[in-house]
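The structure appears below as structure tokens.
Just so you know, all these numbers are worked out from the coordinates, no wet-lab data involved. Quick caveat: nothing in here was measured; it's all calculated off a predicted structure. Cβ placement follows ideal geometry from the backbone for every residue including glycine, while neighbour counts extend to all protein chains displayed.
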Amino acid sequence: MILSDKKILASIETKEIVIEPFDITNLGTNSYDVHLGKTLAVYKNRVLDAKQHNAIEYFSIPSEGIVLQPNTLYLGVTEEYTETHNAVPFLEGKSSVGRLGIDIHATAGKGDVGFCNTWTLEISCTQPVRVYAGMPIGQLIYFTIDGDIMNYYNQKKNAKYNERTDKPVESMMWKNKF
């Protein structure tokens with residue numbers, strides 16, 4: 001079941017959901033709008049290796065925006081830091097963003113209960129498009145969870161994305177054993 005606006009607000013009041021900064025005007029009927037942070041990153045190499053640490057290069061979005069190009073994976077970050085302790089957060093692109101040909105995540109739209117951080121966005125576009133820091137980029141939808149939690153994300157010893165950051169984080173696939 002998806003949390004309504006009133007349920008999201010109630011969870012914020014009890015700190016079961018944390019959104020910083022929080023602005024009630026970003027609260028939808030059953031979602032919360034998140035915004036593109038000021039930092040983007042791209043991989044330094046065109047060919048990536050899942051078993052290797054692939055370095056990234058950070059850059060800031062200038063006030064006049066930046067034009068994203070097709071066939072390039074950009075890592076972005078949300079302005080908002082979030083914590084979710086009683087629900088499963090899903091990050092989806094806003095329809096207005098999709099209608100510009102922008103995808104904000106390749107595969108990683110679902111968060112885990114206990115995720116506490118900003119969200120790294122896997123941004124791609126179908127044609128050149130100018131984006132701006134602070135623009136609405138996605139929406140968080142919260143699903144209720146049935147049953148007790150044994151393994152909160154922020155308490156997992158092998159969690160790869162627990163370090164709080166305001167910058168995009170590259171793939172940590174290389175830390176897996178395969």
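Quick notes on this structure:
- In order along region 135-141, the phi-based Karplus estimate (6.51 cos²θ - 1.76 cosθ + 1.60, θ = phi - 60°) of 3J(HN,Hα) comes to 6, x, 10, x, 9, 8, 10 Hz; Gly and Pro are listed as x.
- Estimated distance in nm for a label pair at residue 99 and residue 126, the labels positioned 7 Å out from Cα along Cα-to-Cβ: 1.3 nm
- The calculated FRET efficiency for the pair residue 24 and residue 135, based on their C-beta separation and a Förster distance of 25 Å, comes to about 0.85.
- Cα-centred dipole magnitude for region 5-170, charges only on beta-carbon of K, R (+1) and D, E (-1), debye, nearest 20: 440 debye
- Per-q log10 I(q)/I(0), the chain, q = 0.09, 0.10 Å⁻¹ (Debye; single scatterer per alpha-carbon; no solvent): -0.32, -0.40
- Along region 47-54 the Karplus relation, 6.51 cos²θ - 1.76 cosθ + 1.60 evaluated at θ = phi - 60°, assigns HN-Hα couplings of 9, 9, 10, 5, 8, 10, 7, 8 Hz to successive residues, with x for each Gly and Pro.
- Applying 0.36 nm per residue to the separation of residue 14 and residue 160 and subtracting their alpha-carbon distance, the gain on full extension is 49.9 nm.
- Taking a sphere under 14 Å around the Cβ of residue 86 and counting the other residues whose Cβ falls inside, with K and R at +1 and D and E at -1, yields a net charge of -4.
- Distant-in-sequence amide contacts of residue 56, defined by a placed amide H-H separation under 5 Å and a gap of 5 or more residues or a different chain, comprise 44.
- For 104, 141, the sequence from fewest to most other C-beta atoms within 10 Å is 141, 104.
- Net lengthening on full extension, residue 112/residue 50 (0.36 nm per residue, minus Cα-Cα): 20.1 nm
- Greater than 22 Å apart at Cα, pairs in 38/94; 38/157; 38/177; 15/160: 38/157; 38/177; 15/160
- Put simply, the amide H of residue 115, placed in the peptide plane, has neighbours under 5 Å in 84, 153, 154, leaving out anything fewer than 5 places away on its chain.
- Within a Gaussian network of the chain (alpha carbon springs, distance under 10 Å), most fluctuating of 17, 61, 149: 149
- For region 14-23, 3J(HN,Hα) computed residue by residue from phi via the Karplus equation (6.51, -1.76, 1.60; θ = phi - 60°) reads 8, 6, 6, 10, 10, 9, 10, x, 10, 9 Hz, glycine and proline entered as x.
- Placed amide H near residue 28: partners under 5 Å, 5+ positions off or other chain: 33
- Dipole moment magnitude, nearest 20 debye, region 66-143 about Cα centre, only Lys, Arg, Asp, Glu C-beta charged: 280 debye
- Inter-site label distance for residue 60 and residue 146 at 7 Å from Cα along Cβ, in nm: 4.9 nm
- Between residue 5 and residue 176, the contour length at 0.36 nm per residue exceeds the Cα-Cα span by 57.8 nm.
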